[in-house]
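Note sheet for the following structure.
No lab work stands behind these numbers, since they all come straight from the coordinates. Note that the structure is predicted; figures quoted are calculated from it, not measured. When we count neighbours, we look across all protein chains shown, and the Cβ atoms used for this are built from the backbone with ideal geometry, even at glycine.
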Amino acid sequence: MKELNILVVEDGQSQREMLRDFLIKEGHTIAEAENGEKAVQSVLKGHFDMILLDYKMPGMDGMQVLKEVKKINPEIDVVIITAYGTIETAVEAMKAGAIDYITKPVDFDELLIIVDRVSERRVLIRENEILRQELREKGVTLDKIVYRSQKMNALINMTSRVAASRATVLIRGESGTGKELFARLIHNLSPRSSKPIITVNCSALSESLLESELFGHERGAFTGASARRIGRFEESDGGTLFLDEIGDISAPVQVKLLRFLQEREFQRVGGNQTIHADVRIISATNRDLEAKVKEGTFREDLFYRLNVVVMDIPPLRERKEDVPLLVDHFLKRFSVENGKDIAGITSEARDLLLKYDYPGNVRELENIIERAVVISRNPVVSLDDLPFTEERIYADNTGKKGGLLRGSIEEMERKLILEAMEKVGDHQTKAAEMLGISERMLRYKLKKYGLKH
């Protein structure tokens, strides 16, 4: 773990010293501030990776300090400490830029988990800076992949490691999450980058057309085949073939694809010549391939051939911290494309965009912003330019199973953990992954709430 420079902001001397002593023992460098004004001055003068910030203080309260800190250095990770454990407090702090919260009395096991997570994120950020430099040297940019979340940070770093190998990659994610962008990034970072990457949407073609598209055909192979056609495998020789929506291919095509993955050879439709090709396969799906294997509609042996390296792209609702960056990115892009001088977006409109769950993911947000830019009559996008209202979002949320989560933070967390554990049959690793937390944090929460484990 990376040693952190941490500023502890707490008006209670005994609490502040207790936090200081604990974190020093864990190997971190600690500075202290007993009020908000001194905290802001400390940030102006020094360098900090993280701030533990008391929410309720005389003078400048924690929310005011948080906003000032983010103006000075938005990269500092701020964790709110509060005795007022309501969802409203946590949501307000998260909107203003806090990465997490912890309630009083502080549980040091929980605090250590949060600090460790910040440390891991700092390591990822550093690795990501190195990766971006390597990409610039290769003439590759990440302009189309806009993010700040730790989930996406880890995924980008994984991409760089996967790219250097010859391994077959399966990219999983909902529609609109950007699976093709990651496939292209893998190719651009790989030793194959000088060769083509060719994309085939498997769900857009019938069985016969897809077979011909992939493997080519000989003249006379079927009605209308007036000449030989070179397929995508031959065209991508030496490069990468990206098979989008791989879960939709038919059984006969699955057999031919399996043979290629095993032998690196194939035959054109209607031909008997064996053709060899050096092609890396990257596939993508929004389907549950494991379920299709159990149903008997997808070959198990093919699944394991495709499933060598798996990359899961998180839906936008699970990385809401990326929404403001994406909004600004799309505003600039569509303002230029449409010849409009859009200066920004109102805070009310931005807040509404953060509340929405985006069933269509990044693609849906992109369409929302394009529409807003096109119809806006003002230099700033407002609530009137968005295709939904707060009332509709509320209605959508209350219509979902379980409804809106109310009450205390503890009640909300307990409910989410129970739901996750039930869905995965009490498998802690899978539940932690579903919740977006570490197994260590999950075990702590299970113990805290007296849940079976």
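Shape of the range 1-58 from its Cα gyration tensor (a ≥ b ≥ c, root eigenvalues): rounded if a/c is under 1.5, otherwise prolate when a/b > b/c, or oblate? Taking the square roots of the gyration eigenvalues as a ≥ b ≥ c, the range 1-58 is oblate. With respect to the chain, whose longest principal axis is taken over its alpha-carbon atoms, helix 13-25 is tilted by about 40°.
What the phi angles of the range 104-121 give under the Karplus curve with 6.51, -1.76 and 1.60, with θ = phi - 60°, is a coupling list of 7, x, 5, 8, 5, 5, 5, 4, 5, 4, 5, 5, 4, 5, 5, 4, 4, 5 Hz, glycine and proline written as x.
Extension gain, ARG440-ASN367: 0.36 nm per intervening residue step, less the Cα-Cα distance, totals 22.4 nm. With Cα atoms defining each centre, the range 1-40 and the range 319-395 are spaced 38 Å apart in the structure. Given their separation in residues at 0.36 nm each and the Cα-Cα distance between them, SER250 and ASN272 gain 5.8 nm when the chain is fully extended.
Extension gain, SER203 to ASP357: 0.36 nm times the residue separation minus the Cα-Cα distance gives 52.8 nm. Here the Karplus relation 6.51 cos²θ - 1.76 cosθ + 1.60, evaluated at θ = phi - 60°, turns the backbone of the range 334-347 into coupling constants of 7, 5, 5, 4, 9, x, 10, 9, 8, 7, x, 9, 5, 5 Hz, with x for every Gly and Pro.
Sorted fewest first by neighbouring Cβ atoms within 10 angstrom, ARG371, ARG126, ARG414 come out as ARG126, ARG371, ARG414. The overall shape of the range 5-121, judged from the alpha-carbon gyration tensor, is rounded, with an a/c ratio under 1.5. Pairs of Cα atoms nearer than 8 Å and 6+ residues apart set the relative contact order; for the chain it is 12 percent. Using the Cβ-Cβ distance between GLU263 and GLU318 with R0 set to 51 Å, the FRET efficiency from 1/(1 + (r/R0)^6) comes to roughly 0.85. Would you mind checking the tilt of helix 361-375 against the longest principal axis of the Cα atoms of the chain, expressed as 0 to 90 degrees and rounded to 10? Taking Cα atoms only, the helix is inclined about 80 degrees. Helix-only arithmetic for the chain: the sum of -39500 (n - 2.57) across DSSP H runs with n ≥ 4, divided by the residue total, places the mean residue ellipticity at 222 nm at -15000 deg cm²/dmol. Note on volume of the Cα convex hull per residue in Å³: of the candidates [x] 187; [y] 160; [z] 147, the value calculated from this structure sits at [x]. Around the amide H of PHE298, modelled in the peptide plane, lie the amide H atoms of VAL293, all under 5 Å away and 5 or more residues distant in sequence or on another chain.
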